[in-house]
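See below for the structure under consideration.
The values are calculated or read from the model by the stated rules, or taken from the named source; none is laboratory data. What you see is a predicted model; the values in this text were computed from it and never measured. For neighbour counting, all protein chains shown are included, and Cβ atoms are generated from backbone atoms with ideal geometry for every residue, glycine included. For the accessible areas, the whole protein counts, side chains as well, though only heavy atoms, and no ligand, DNA or RNA atoms are used. Shrake-Rupley method; radii C 1.70, N 1.55, O 1.52, S 1.80 Å.
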Amino acid sequence: MGERSIVRLTSTASTSNRVPQSVPPGLLQNSRTRSVVSARLRPAALALGITLLAFGRVHAQTDCLACHGDKSMQDASGHSVAVDGATFKASIHGSLQCSDCHADIKEYPHPEHMAPVQCSKCHTDQSTQVSESVHTRASSHPCTSCHGDPHTIFPKSDARSTVYPLNVPETCGSCHGNANMARQHGLPNVYPSYMDSIHGFALSKGGLLVAANCQSCHGSHHILSRKNPQSPTYKSNIPKTCGSCHAKIDMDFENGIHGKALAAGKSNAPVCTDCHTAHAIQQPTQSEFRMQSTPICGSCHKDKFTGYRDTFHSQLGLLGGYVETARCWDCHGAHDVLPASDPNSPIAPANLVQTCGRCHAGANASFVQYQPHADSRNRKMNPALYYVRLFMNTLLISVLTFFVIHTILWLFRSRYEQIRSRSAKGGKDA
Amino acid sequence: MPDLEQKEVSPNPAAEPAPRPAEERYFMRFTREQRYLHAVLFTTFLGLAATGLPLRFSDSVWARAIAGSVGGFGAILFFHKLCAVVLTGAFLVHVKDVFTRGLLHRQKGIFWGPTSMVANWKDARDLFGHLRWFIGLGDRPKFERYAYWEKFDYWAVFWGMIVIGFSGYAMWFAPFFAHFLPGWALNAVLVIHSEEGLLAILFIFSIHFVNTHLRPDSFPMDMVIFTGVESEKEFKIKRPMEYQRLASQGLLDARLATAPPVWLVKFSRIVGFTAIFIGLTLLALTVSEYFV
């Protein structure tokens, strides 16, 4: 890809009027005719030679564009080597001369095969960062794979740039939206998830420049694996990374029990992405998010989750779409989860009437004795509930057992009587 | 369920109370009010079961499908409460009716005697006699107006109405009930509501269906609760004691009724089979949660 992208020139160029009128356009089409071209262009070549002698190097875009301005120009292997002079002039590199990058061209005619352009000659820092990032492992990540056609590179603030905020996801997605590529590298296929996420919508539908795009979290040139402690996507760095936009939530998180556990080095404490996911982030008030996140809390708080699943909150909530029944964070808070012993916690005894009262108008001190995740199988913790359940189950099982036996015996006996009476009447044994 | 539909096409001629020649006599068993009460009871019960089971087994695939089919999570709760209110109304009307007749009008046989729903020694003797007959150790007991299993059905529903109703309203109006219930009771009412509801569903859709409708004597359906009348032949076989008692007291003619109109039999059959079909479907779904 590297070699190709060097010669991947724009094909949208308008026909350049710099091609000498005397040259039939067909003659420029391939290198086999180059000697003929040279012969026909002898006067121009002579002029070029004089220029070279005078200034020691190829210096004017106009000189190169005399040939490369023809949009149909191709190299020996059929790749276009045309350059749209007008677009290049407008690009961020428009003030440079061709030979500033194509440094091995010293004379005309130049050799057919040229050394790849080294962006690092000027962009030293970025080049070093890329070489340290996850994108150096393959040789297939030249600058152009993200920045696009080298002759039409625009500043990242320009809407035409491939790294303009609104264009970043598509640029990264050209690789990271490819299921095969993702499978090969053991990566999730993140582009579709991102585009359907709240960030993706903000960017694609709202055109919000501040909406998080790939590089907001991953960086650009210095992208590191999330296993690398230096990476902004390393687990313990995630709150700060998300907090660079969501500053208040980051503060809340750090005051909460999860944030403190993380700061204390407990690596199994959840961070933003454990509940919200990294790429498929949903609007938290949406039922999809409310449906998926309770089991996420439950994946650590297993005993509470089991008890919760037996309650009406869970039963109605599980039917899908119902956003009003209480999920974990409706009572515990989401980012600043605090233990009940903390007076600021919504589940502190003194705050329960208010917390439950948010949904249950008229909640009183007795009402809030309700246990939102009581385990009715635990006799020590909930004796009353345990015996109520035991009684109800005993009643259910004994009534059904008695009547199932009763009914089965009755069925057999009735059928027997029926057959006997029919036989007695000389009828068939049905 | 194909069984049922097939049976509907070719009904068992022995048990069909289809219109007979003119000499067949019919006797009144249930009043219009009792039939309407049963109609309201089974309609709302089916509604409560269909909207309650998805909540009880809310993590199953069919729960979400049923919830979706009635308009989603919010609608299913609405319909559950709607059926509950209607059923509560019917229950209160019935209780009022019983007490008006028994206490105010001093009508005999409401609280005691052969025509009462209240259990007596004969019911205990009938139960053991019936069990002995099942295994061939004796004759079939001669049942009175209401057999012991019918009384059990009645009181099971009566008890269930109070228990399920009370626990249901306690959840619906939890902050109000919390004024006089302890905190743990709010946890307990769901367990009670759910288990008692499950018992009612399993009992009605298996035991009641078989005992009353699907057993060989009544197969495929006992129409008497729909038409109100039954043939003399059926009356004699199913409730010989009552038949004898009425005959000896000379009260048999007072109970004479006309044969049910054809349209009523047909209509009742459609309604009844629909109810049984829905019930058996719900039963299958419930059982599948435990065994599949």
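Name the residues in the range B:188-213 that are farther than 30 Å from A:Trp410 by Cβ and more than 7 Å from every other protein chain (Cβ to nearest Cβ), would you?
The answer is B:Val189, B:His193.
From the list B:Phe158, B:Phe143, exactly one residue is open to solvent by less than 20 Å² (accessible area, probe 1.4 Å), away from every other protein chain (no Cβ under 11 Å) and hydrophobic (A, V, I, L, M, F, W, C). Which is it?
Result of the check over B:Phe158, B:Phe143: B:Phe143.
Answer yes if at least one residue in the range A:373-384 is surrounded by fewer than 18 Cβ atoms within 10 Å (Cβ to Cβ) and at the interface with chain B (Cβ under 7 Å from one of its Cβ atoms), and no otherwise.
yes
Take B:Val93 and tell me if it is open to solvent by 60 Å² or more (accessible area, probe 1.4 Å), within 18 Å of the chain's Cα centre (by Cα) and more than 14 Å from every other protein chain (Cβ to nearest Cβ).
Here the answer is yes, as B:Val93 does meet what is asked.
Can you name every residue in the range A:252-271 that is open to solvent by 90 Å² or more (accessible area, probe 1.4 Å) and touching a residue at least 60 places away in the same chain (Cβ under 8 Å)?
Matches in the range A:252-271: A:Asn255 only.
Out of (1) without any contact (Cβ under 8 Å) to a residue 24 or more places away in the chain; (2) open to solvent by less than 40 Å² (accessible area, probe 1.4 Å), the odd one out for A:Leu390 is which?
It fails just one condition, (2).
Name the single residue, out of those in the range B:60-84 being at pLDDT below 85 and not in a helix (DSSP H, G or I), that is nearest to A:Asp310 (Cα to Cα).
If we take residues in the range B:60-84 being at pLDDT below 85 and not in a helix (DSSP H, G or I), then B:Gly72 is nearest to A:Asp310 (Cα to Cα).
Identify the single condition in (1) among the hydrophobic types (A, V, I, L, M, F, W, C); (2) more than 7 Å from chain A (Cβ to nearest Cβ); (3) closer than 17 Å to A:Ser398 by Cβ that B:Ala185 does not satisfy, given that it satisfies every other one.
(3)
Which of the following residues is touching an Asp or Glu at 6+ places or on another chain (Cβ under 9 Å), in a helix (DSSP H, G or I), open to solvent by 40 Å² or more (accessible area, probe 1.4 Å) and modelled with pLDDT under 95: B:Glu33, B:Glu24?
Result: B:Glu33 is the single residue among B:Glu33, B:Glu24 that is touching an Asp or Glu at 6+ places or on another chain (Cβ under 9 Å), in a helix (DSSP H, G or I), open to solvent by 40 Å² or more (accessible area, probe 1.4 Å) and modelled with pLDDT under 95.
Let's see how each residue does on (1) open to solvent by less than 50 Å² (accessible area, probe 1.4 Å); (2) charged (D, E, K, R); (3) at pLDDT below 85:
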{"residue": "A:Asp70", "(1), (2), (3)": "yes, yes, no"}
{"residue": "A:Val83", "(1), (2), (3)": "yes, no, no"}
{"residue": "A:Ala86", "(1), (2), (3)": "no, no, no"}
{"residue": "A:Lys89", "(1), (2), (3)": "no, yes, no"}
{"residue": "A:His93", "(1), (2), (3)": "yes, no, no"}
{"residue": "A:Glu107", "(1), (2), (3)": "no, yes, yes"}
{"residue": "A:Met114", "(1), (2), (3)": "no, no, yes"}
{"residue": "A:Glu132", "(1), (2), (3)": "no, yes, no"}
{"residue": "A:Arg137", "(1), (2), (3)": "no, yes, yes"}
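Restricting to the range B:242-256, what's the tally of residues that are open to solvent by 70 Å² or more (accessible area, probe 1.4 Å) and closer than 22 Å to B:Trp149 by Cβ?
1
Quick one: which of B:Phe152, B:Phe166, B:Phe173 is out of contact with any strand residue (DSSP E or B) (no Cβ under 6 Å at 6 or more places or on another chain) and either farther than 30 Å from A:Gly362 by Cα or of a type in the set (A, V, I, L, M) (or both)?
It is B:Phe152.
May I ask you to verify whether B:Arg255 is within 18 Å of A:Ser414 (Cβ to Cβ) and in contact with a Leu (Cβ under 9 Å, 6 or more places away or on another chain)?
Spelling it out, it is not the case that B:Arg255 is within 18 Å of A:Ser414 (Cβ to Cβ) and in contact with a Leu (Cβ under 9 Å, 6 or more places away or on another chain).
Output the residues belonging to the range A:263-274 that are at pLDDT below 90 and not in a loop (DSSP other than H, G, I, E, B).
Within the range A:263-274, none qualify.
Go through (1) free of Cβ contacts under 8 Å to residues at least 12 places away in the same chain; (2) surrounded by 15 or more Cβ atoms within 10 Å (Cβ to Cβ) for A:Gly148 and report which single condition fails.
(1) is the only condition that A:Gly148 fails.
Just name the residue that is nearest to B:Ser206 (Cα to Cα) out of those in the range B:111-140 that are assigned to a helix (DSSP H, G or I), open to solvent by 50 Å² or more (accessible area, probe 1.4 Å) and among the hydrophobic types (A, V, I, L, M, F, W, C).
Among those residues, the one meeting the criterion is B:Phe128.
Looking at the range A:92-109, is at least one residue aliphatic (A, V, I, L, M) and assigned to a helix (DSSP H, G or I)?
no
Exactly one condition in (1) surrounded by 22 or more Cβ atoms within 10 Å (Cβ to Cβ); (2) more than 7 Å from chain A (Cβ to nearest Cβ); (3) under 26 Å from A:Ser376 (Cβ atoms); (4) among the hydrophobic types (A, V, I, L, M, F, W, C) is false for B:Val224; which is it?
All conditions are met except number (3).
Being open to solvent by 40 Å² or more (accessible area, probe 1.4 Å) and within 14 Å of another protein chain (Cβ to nearest Cβ) is the filter here; which residues of the range A:287-303 pass it?
Of everything in the range A:287-303, those that are open to solvent by 40 Å² or more (accessible area, probe 1.4 Å) and within 14 Å of another protein chain (Cβ to nearest Cβ) turn out to be A:Glu288, A:Met291, A:Gln292, A:Pro295.
Given A:Leu395, A:Leu411, A:Leu390, A:Leu400, which one is assigned to a helix (DSSP H, G or I), more than 9 Å from every other protein chain (Cβ to nearest Cβ) and over 30 Å from A:Gln354 (Cβ atoms)?
A:Leu390
So which residues in the range B:44-53 are without any contact (Cβ under 8 Å) to a residue 40 or more places away in the chain and within 14 Å of B:Phe277 (Cα to Cα), if there are any at all?
B:Gly47 - this is the single residue of the range B:44-53 that is without any contact (Cβ under 8 Å) to a residue 40 or more places away in the chain and within 14 Å of B:Phe277 (Cα to Cα).
Let me confirm something: among A:Ile223, A:Ile281, A:Ile249, A:Ile238, which residue is in a helix (DSSP H, G or I) and open to solvent by less than 40 Å² (accessible area, probe 1.4 Å)?
A:Ile238
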